[in-house]
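The values are calculated or read from the model by the stated rules, or taken from the named source; none is laboratory data. No experiment lies behind these values; they were computed from the predicted model shown. Cβ sites come from the backbone with ideal geometry, for glycine too, and all protein chains shown count toward neighbours. These accessible areas exclude ligands, DNA and RNA; they are computed on the full protein's heavy atoms, side chains included. Shrake-Rupley method; radii C 1.70, N 1.55, O 1.52, S 1.80 Å.
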Amino acid sequence: MAKVSRTYLCSECGWSGGQWYGRCPSCGQFNTISEYHEPKLPKVLTSRRSRESAVEAAISRASHGPRNDVWANGKPIVREADTRSGSSSSSRTRSTSSLARGTSALSDRAQREGQYDENGFDRAPFDREAFTAQGQTGGLSEFGLENMSDAVPVTQGGVDKQEPRLHTGFSEFDRVLGGGIVPGEVALIAGEPGIGKSTLLLSTAGNIANANLTVLYISGEESLGQIRLRARRIGAMSDNLLLASTTDLGTALMLMEKYRPALAIIDSVQTITSEESDGISGGTSQVREVTRGVIEVSKALNIPSFVVGHVTKDGNIAGPRTLEHLVDVVCQFEGDTRTALRLLRAVKNRFGPTDEVGCFDMVDEGIEQVTDPSGLFISSDDQLTDGTCITFTMDGHRSMPIEIQALTTASVLPSPRRATNGVDANRIAMLVAVLYKHARIGLLNKDLYISTIAGAQAREPSCDLAICMALASAQSGVAIVRTTACFGEVSLTGEIRAVPRLEQRLDEAQRLGFTQALIPVHQKLRNPGRYTRLQLVRVSSVRDAVHKLSLRAARQKADFSGDSGESGESAQGANARSTRAHSAGARPFTKASTSATEPDQWASREFSPNATPDFGGRAE
């Protein structure tokens, strides 16, 4: 009888150990460790394991359930009982497993039952010469596994030959994948519900099918009629696109082995189940078994596969952490469901860079790629407005302009509000302190609102200078020319530090028609003479940048005390602050000291590093 080892697995990170813990030692999550039993074969039997091909082994482990409806060219290929009955029908499914074992994929194994014992191993000893001859005559060479039983030099096997890549029909998608789809790779496409994962993959399948290549689309979430409706809407109707609706792993693997498609798509890994593993669909053991089966068949048959993955409410990929380690490529499809912009980012890529991003636009006819996203994240209004500044961020090898908008208002709250969108709130607090200390721009008692356009992310340190200039422009009321871009990281000492890949950012700024760029004074450029239409202004500190952009002009603001709509609230806020200042022993606020009609105190005063700004008597 086989030994049974007791193992405990974490459902979050995949940690395994021989002892149970209330808190996972790896990821630190509570109540995520459960017991997992796995039979371990004796060494004698393991050494005599059957030398079947990887494809037959994977299919024989998973094909214990009846197959579902399979369609191609609008006609049913296979029609049998539906297995979408959930965990409640597991007993009925297992009762029909003997019938499923009689399918055509396992018929050859049934004819050779006399060659195996009751455990499924060879009765005869292993013959190395016969095994090598089988690999040379096509048994394993058909799957590219000739050298599975031996080690080979790294210089052999066509290393110098460029591997052909399959193009998806979207240049943006190919860029994220590293130039196209590598034969035999397994890619995981994850994203929030309704973000457009299935639409992107079905459009990709249609593009490849239109190139006279066979594509197999297996769905465990939708019926064949639903998939056909979406394919007709997005223009993915092709005779080379095969559709299948099943939740059984064995059926999916047999279809991949039968049709040998140029691309296989499984939507999704959380809905496919295998009888060889316990648990419900989407569980840790099921996801691990399904992923392992798909990887084995894809590598053995050299079939690239796209697997759709769900995400949790925190944005992480649902299932064990080992899922991301097993696959070759992990892509995140993200975007705001309230807008049409979608971004595809490579989180992991064994065949290309991991910092690439592809831009897509959701339209009525499906999804379209955006090859030039330069105008997505900046406003189209040419009118000068204070509180805006433009910078350039790097997404992979692409530089994209981002407009940062800032708004400052007098606060009536004991703790001024800081609202951010697309920027780091903690970094905003640091930049506000730097502006107060080194540029004498007092924003500590102001309500600040900082945001980007169209959901762009300005979280790079190179965006610090642009954020500071947007805040200074909003406070002074002086608008920055829209053809001016700012680059630089701001340190706590107020110094402007160098940013990586500045030349690529400047090249894109010059191409888009920008005429002026603020860059760090110590930034070295290899060929500064090529920027003939772009004036480079070097700045050493935040105070220097404020001076170069002339952001110290005074702005005459409306006196809210004379406005009938807001005078009562302003007076109440001033009285409340005055009462708190009395209790804290500070000088109280007065109407004269808090009047908004006073000009900027730093516009007509010579800067002194030891001077202390006056905020109208408010205790800081």
How would the range 279-385 be classified by its alpha-carbon gyration tensor: rounded, prolate or oblate, with rounded meaning a/c under 1.5 and the a/b versus b/c comparison settling the rest? prolate
For Asp447, what charge total do you get from the other residues with a beta carbon under 12 Å from its beta carbon, if Lys and Arg give +1 and Asp and Glu give -1? +3
For the range 375-549, the percent of accessible surface on carbon and sulfur atoms (probe 1.4 angstrom, ligands and nucleic acids excluded) is 50 percent
Could you tell me, in Å, what Rg and Dmax come out for the Cα atoms of the range 171-369? 15.5, 43
Positive-end residue, the range 375-549 charge dipole about Cα centroid, Cβ charges, pick of Gly513, Thr420, Thr385: Gly513
Students often check this: by mean Cβ neighbours within 10 Å, which of 299-311, 369-381, 188-200, 242-254 ranks highest, and how do the rest follow? 242-254, 299-311, 188-200, 369-381
Rg(Cα) of the range 393-462 divided by 2.2 N^0.38 Å? 1.22
How would you rank 29-35, 321-327, highest first, on the average number of other Cβ atoms within 10 Å across their residues? 321-327, 29-35
So for the range 375-549, what are the equivalent ellipsoid semi-axes in whole Å, largest first, each being the square root of 5 times an eigenvalue of the Cα gyration tensor? 25, 17, 14
Roughly how big is the range 459-504's charge dipole about its Cα centre, with Cβ charges of +1 (Lys, Arg) and -1 (Asp, Glu), in debye to the nearest 20? 140 debye
How many lysine pairs does the range 171-369 hold where the Cα atoms are under 19 Å apart and the two sit 8 or more places apart or on different chains? 4
If you add up the charges near Thr483, with Lys and Arg at +1 and Asp and Glu at -1, over every other residue whose beta carbon is less than 11 angstrom from its beta carbon, what do you get? +1
Can you give the percent of C-alpha pairs in the range 282-329 whose distance is more than 14 Å? 51 percent
Calculated from backbone phi, Karplus (6.51, -1.76, 1.60) coupling profile of the range 456-470 in Hz, x at Gly/Pro: 5, 10, 10, 9, 6, x, 5, 8, 4, 5, 5, 5, 4, 5, 5
With each label point set 7 Å from Cα along the Cα-Cβ vector, what nm distance links Leu326 and Lys524? 4.8 nm
Given R₀ = 56 Å, FRET efficiency for Arg260-Ser379 by Cβ-Cβ distance, to 0.05? 0.65
Computed label-point distance, nm, for sites Tyr36 and Ala498 using a 7 Å Cα→Cβ extension: 4.7 nm
Along Cα→Cβ, 7 Å out, is where each label goes; now give me the distance between the ones at Arg230 and Leu536 in nm to one decimal. 4.9 nm
